[in-house]
Amino acid sequence: MMGDPKEARAEASPPQSAARGGLSLLSQAESEEPSAQGSALLVGGNEVKSRAVVKYSSAPPRTAFARLEEKTDLKLPPANWLRESAKLGPAGTTILGNSKKSKPFSSFGMAYDFIDSVGNDVDVVSDSENIKKLLKIPYSKSHVSMAVHRIGRTLLLDELDIQELFMRSSQTGDWTWLKEFYQRLIDQKWQRKKKSKEHWYQKAILSKFLYYSINGDGAAQPVPSPAEQQESSSSDQTHDSEGASWPAPFEMPSSVSEDPSASSQGLKNDFVRNILWTFEDIHMLVGSNMPIFGGGRYPAVSLRLRDNNKPINVLTGIDYWLDNLICNVPELVMCFHVNGIVQKYEMIKTEEIPNLENSNFSTKVIKDIAQNILSFLKSNCTKEGHTYWLFKASGSDIVKLYDLTTLCEETEDKYQNPFTMPVAILLYKVACNMMMKKNQNKKHYGTIRTLLLNCVKLLDKSRHPQIIASANYMLSELFQLDEPKKEESSDSPLNENSDESYSEEEEEMPDSDENGSYGTSSDPADDNKAVAIIKSVGELSVPEKYKSIHQIRPSCAFPVCHDTEERCRLVLSYVLEGLKSVDSSIKKENDLPAADPSTPIPLKYEDESTRGGPEGLEKQMALFLDKMGSLQKGNCSGQSGMTPGSWQHKMKLQLILKSSKAYYILSDAAMSLQKYGRALRYIKLALQSHDTYCCLCTNMLSEVLLFLSQYLTLCGDIQLMLAQNANNRAAHLEEFNYQTKEDQEILHSLHRESSCQGFAWATDLSTDLESQLSVSCKCYEAANEILQFSDLKSQNPEHYVQVLKRMGNIRNEIGVFYMNQAAALQGERVVSKSVSAAEQQLWKKSFSCFEKGIHNFESIDDATNAALLLCNTGRLMRVCAQAHCGAEDEFKREFSPEEGLYYSKAVDYYLKALRSLGTRDMHPVVWDSVNWELSTTYFTMATLQQDYAPLSRKAQEQIEKEVSEAMMKSLKHCDVDSATARQPLCQYRAATIHHRLASMYHSCLRNQVGDEHLRKQHRVLADLHYSKAAKLFQLLKDAPCEMLRVQLERVAFAEFQMSSQNSNVGKLKTLSGALDIMVKTEHAFQLIRKELMEECDQPKNDETTPAADSSPNLNREEVIKLLSIFESRLSFLLLQSIKLLSTSKRKMSNAEEDAVLQTNKQIYSQLLRATANRNSTVLERVEVIICLLEQLASGSSGSSSSVVP
């Protein structure tokens, strides 16, 4: 028995609680019950695990109950009866007490408040009354009627009051199909059952008892109006029916799309406590209104009123036990009365309740019942968004589960189901909540997608456009368009089937239970509408009778997108659905009548003549920049008349922006596949989307401006690639003009707001190369202008650098284009005609482009590319120089001052390029290229001055000096030592320079009279350069003729020297040197012989190949000419040698000279015979020469001591 009430109050001093009336999320330490502690109840040797954590409580600090004196008459109302009391909570204003009837959407109210738990952690969300009713099924004969909904792995349970539904159906016409179904299959003589007077008498007694127990301590407040008080005290049925009233057809508040946490109309969480209750391995979010007091041996007790004449039965015992478990109350205080007169109080521990007399029950069985019911429901309630009905008729042992959504669809009006909207909103809210958790987003993408698809499936497009638009936008957001392309990677979370996903096929498979308990084949014909049946409630007490997974595994496999296009197409399909929902909600009479989604919008390309070429582009660019300026001021509006700030306006902006991103990614993907026509079509759609966005947007975000800059950059890339791939223009045009139905419909939605012509100048497919290059350049310029509008340049330095690089590159391309055009005009020009104005205009355009491009690259410190453009400018100067030659007849031609000027400018640009690079290490390839071009320019200048000496303007000596300087500079920039691909060219160039210089000095020596010192200098220089030229040509395998020519000139030089010598000894030395030079030509003849032999062998080996192709480098006429000269000079030298040696022999005998004389005579004799034979082939003649040179080499080696090399 309990002690004095004052002592009880002292013992039950509770911790601080939350403020009254506010939503308070209590931590375990702050919980107003000691509910953070788990309790294990040991009853009959069977352990039952139970743990309760209060997630929310609106109850005031707990106080002790007032113990009523014996003989207190509970039939008399206390003074504070039916006045609002925070201590009693909802029990304070109703006569229902803690048995308050559950509202039909109570689980949804809880789910909205604890959206984090739904779909993931919790198995069941429900009112505690529903949980108790389910667990008492095997013990009770009363009927059970509940609505079951699945959200992810969570089941929502709500009472489905059939009587209330059918009363409503008779008034509104809703649910008539269910009433007919119920009467046909279940209860053919249905009528509403009235509650007895005894029922209302017991309710009133309980209510008065609770008010007496709070001791009337002044805490009670008057109810707001007498009418409500009168209504509350009435024992009519009206109050009961209102307690379970159904909300009117649910309308989504405008804030839901933007704020997933917004409270939903009519779906409130009215429970005093929301408790996370773990019973064994089942996690439940439970709502409870049970009043909890202090005053016992424990900090919390529950208070019950019992008629002393009626013993506690099992149902009551289970009821009390579960209430205390759910609220984690360790003690029960029972007040006994007889006919309303208080008799006594008794305190019972919660764990003792199952063992009370007349109320014995096994907690282990209750646990089995709970697990079996949960398994049964989870195994059969498989479809998200469907309303399932769990029904057991009064007095029946059979429990049936129906899919009301499927039954409702058969009536051709699925929206008669009042659960449709709350379920759809809950699916939407859970998805929103998961979307907002950025850190774990990806692994839940499959789940989120399933939730949203089911949400959209439930809703009527015409009634709920906002939610459908928002859900479709979120579906499109699931596909990350800007993520790296890792679809094939096994690490990708989008591709792997995680533990919580399985295929659609698996979902539809019925569980193969060995007992066949879910099957309907053996059931009566009336039950063929049931999804599943429990044939006898007794089965629920059998452990693991209904084995199933406790975790519902929803069908949430995220679709595997094998490529970027597939991913973007999915996004666009959702965007289109969203746009349709927004457009359908905008009521406007003057909608564009001509824009039919099924009619393709023509994508015309204009001929350059109609657009005005690059000049027309300038005007369009000016208009574009004006528009960008107006965007900054927010002067934009759409054509459809949407109110800025409305949900339609906000949603359409987001959807349009998403579509532009998707088209941009598609365009980029097509670009990488070299499908340039397709890429241009997609970037056109992206820019049209963006144009529409600009028309609607009142405040342009810098992020969106950055997107536009990226789109225009890509558009410029595409136009450039189209210009460079003009040979495949027909295929590109076909791809550009193709349109899918989806694209047409999206474009139709865009045309409701804008003409979409803002970027037409950038996206037309022109047939003219110059126009395409100009458009590409304008795209890059526009992208750069956008970056200048705000602080985007500094915020996105990488993109800024890329834009400037592309601007520099396209200006280089255009400059080269104009330069090539000028060169072509020059080639067509009649010889001796002066430079045309058209050529000069092209030079100016080309130079301007190069200059701007150099500035672009220099502004981003790109020295390498700046050097390349400087190199191209040098090339342009050379083209200008070449244009000024040929103005006179070839015979009168002189190197003009204009040529000299332009070549000097070219040299300046090449030197600037080298200065820009700094050192070869910075970029060896470019450095070598610039060096080669510079060397070529110097070489060309020197060659032209040498070949077309401007003798009318300059003295011979000055020309020779300038030629020599230019040649030496060319030689300086000609790298013969580096082992690069260009090394043979450099060696040939260097050899040619040395040859030309030697020839020049040789010529000077022949023509010069007077200054002996100068003559000697020229002689030394000529000899030096001939020697170097010979060495370099010796290294080359493909220049035997050049080698031969140099050596013959050296021989001629020796002959010239010999002519000025008087002594025989001097002449003999010079002759010996000349013959040595002749011997050294053997290598050149060997190469010529090899090529001639290959030429002869070729027809035998391959008759289809012409002989001329086998030695393309060998000029036969040149060989014959050089061969004849060589034979003549060798003959002359040998003859002179024989004469001199014979003369010296008469004076003085010398054995070595005798040997040389004999050898030379023999060779001379053979040479004469060979040259006399006119029928010899070139090859035979070459072979004779090689043979003679070999003899000469062996003969001269024997007398080397006496011969000067």
Matching option when the condition is at pLDDT below 85, more than 21 Å from Cys849 (Cβ to Cβ) and in a helix (DSSP H, G or I), among Glu745, Glu703, Glu735: Glu703
Residue in region 888-941 that is nearest to Ala867 (Cα to Cα), counting only those that are in a helix (DSSP H, G or I), of a type in the set (Val, Ile, Thr) and open to solvent by 30 Å² or more (accessible area, probe 1.4 Å): Val925
Flag if Ala981 is part of a loop (DSSP other than H, G, I, E, B), of a type outside the set (Val, Ile, Thr) and exposed (fewer than 13 other Cβ atoms within 10 Å of the Cβ): yes
Top-ranked residue of region 117-167 - restricted to ones that are basic (Lys, Arg) and within 23 Å of Asp403 (Cβ to Cβ), ranked as surrounded by the most Cβ atoms within 10 Å (Cβ to Cβ): Arg150
Residue identified as at pLDDT 65 or above, within 30 Å of Asn728 (Cβ to Cβ) and open to solvent by 50 Å² or more (accessible area, probe 1.4 Å) among Leu673, Leu680, Leu687, Leu572: Leu673
Test: residue in region 1069-1076 that is at pLDDT below 60 and open to solvent by 60 Å² or more (accessible area, probe 1.4 Å): no
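Here's the yes/no breakdown for (1) at pLDDT below 90; (2) open to solvent by 10 Å² or more (accessible area, probe 1.4 Å); (3) farther than 14 Å from Ala147 by Cβ; (4) more than 59 Å from the chain's Cα centre (by Cα):
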{"residue": "Met347", "(1), (2), (3), (4)": "yes, yes, yes, yes"}
{"residue": "Leu407", "(1), (2), (3), (4)": "yes, yes, no, no"}
{"residue": "Glu410", "(1), (2), (3), (4)": "yes, yes, yes, no"}
{"residue": "Tyr428", "(1), (2), (3), (4)": "yes, no, yes, no"}
Positions within region 945-970 being under 23 Å from Ala913 (Cβ atoms) and either at pLDDT 90 or above or open to solvent by 30 Å² or more (accessible area, probe 1.4 Å) (or both), in sequence order: Glu965, Met968, Lys969
Pair list, Cβ < 8 Å and 6+ apart or interchain, from region 199-228 residues that are over 30 Å from Asn309 (Cα atoms) and at pLDDT below 85 to residues that are in a helix (DSSP H, G or I) and of a type in the set (Ser, Thr, Tyr): Ala220/Tyr211; Val223/Ser232
Selection count, region 649-670, where residues are among the charged types (D, E, K, R) and open to solvent by 20 Å² or more (accessible area, probe 1.4 Å): 3
Residue within region 256-271 that is open to solvent by less than 40 Å² (accessible area, probe 1.4 Å) and at pLDDT 80 or above present: yes
Filter result for the condition that a residue is part of a helix (DSSP H, G or I), open to solvent by 20 Å² or more (accessible area, probe 1.4 Å) and at pLDDT 90 or above, over Asp323, Asp319: Asp319
Of all residues making up region 124-161, the number that are over 19 Å from Tyr428 (Cα atoms) and touching a residue at least 40 places away in the same chain (Cβ under 8 Å): 23
Condition met for Phe1126 (crowded, with 18+ Cβ neighbours inside 10 Å, at pLDDT 80 or above and under 22 Å from Ala1029 (Cα atoms)): yes
Qualifying residues in region 1171-1194 (those that are surrounded by 12 or more Cβ atoms within 10 Å (Cβ to Cβ) and either touching a His at 6+ places or on another chain (Cβ under 6 Å) or free of Cβ contacts under 8 Å to residues at least 24 places away in the same chain (or both)) - the one farthest from Leu1092 (Cα to Cα): Cys1187
Whichever residue in region 785-807 is open to solvent by 70 Å² or more (accessible area, probe 1.4 Å) and within 21 Å of the chain's Cα centre (by Cα) and, among such residues, is nearest to Ser702 (Cα to Cα): Gln795
Enumeration of residues in region 1005-1054 that are polar (S, T, N, Q) and either under 60 Å from the mean Cα position of the chain (by Cα) or open to solvent by less than 80 Å² (accessible area, probe 1.4 Å) (or both): Gln1008, Ser1027, Gln1034, Gln1047
Evaluation of Ile814 against (1) aliphatic (A, V, I, L, M); (2) out of contact with any Gly (no Cβ under 9 Å at 6 or more places or on another chain); (3) at pLDDT 85 or above (one fails), failing number: (2)
Residue that is nearest to Ser916 (Cα to Cα) [pool: residues in region 827-859 that are at pLDDT below 90, touching a Gly at 6+ places or on another chain (Cβ under 9 Å) and surrounded by 12 or more Cβ atoms within 10 Å (Cβ to Cβ)]: Arg829
Whichever residue in region 763-777 is in contact with a Gly (Cβ under 9 Å, 6 or more places away or on another chain) and part of a loop (DSSP other than H, G, I, E, B) and, among such residues, is surrounded by the most Cβ atoms within 10 Å (Cβ to Cβ): Leu765
Among (1) open to solvent by 60 Å² or more (accessible area, probe 1.4 Å); (2) touching a Lys or Arg at 6+ places or on another chain (Cβ under 7 Å) - the single one Asp862 does not satisfy: (1)
In region 666-698, the residues that are touching a Leu at 6+ places or on another chain (Cβ under 9 Å) and polar (S, T, N, Q): Ser667, Gln688, Ser689, Thr692
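Residue-wise test of (1) farther than 21 Å from Leu655 by Cα; (2) touching a Cys at 6+ places or on another chain (Cβ under 9 Å).
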{"site": "Leu687", "(1), (2)": "no, yes"}
{"site": "Met700", "(1), (2)": "no, yes"}
{"site": "Glu703", "(1), (2)": "no, no"}
{"site": "Ile718", "(1), (2)": "yes, yes"}
{"site": "Phe736", "(1), (2)": "yes, no"}
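The values are calculated or read from the model by the stated rules, or taken from the named source; none is laboratory data. Here the structure is a predicted model, which means the values were calculated and not measured. In this analysis, Cβ positions are derived from the backbone assuming ideal geometry, glycine residues included, and neighbour counts consider all displayed protein chains. The protein model used for the area step is the full one, side chains on, heavy atoms only, and it has no ligands, DNA or RNA in it. Shrake-Rupley method; radii C 1.70, N 1.55, O 1.52, S 1.80 Å.
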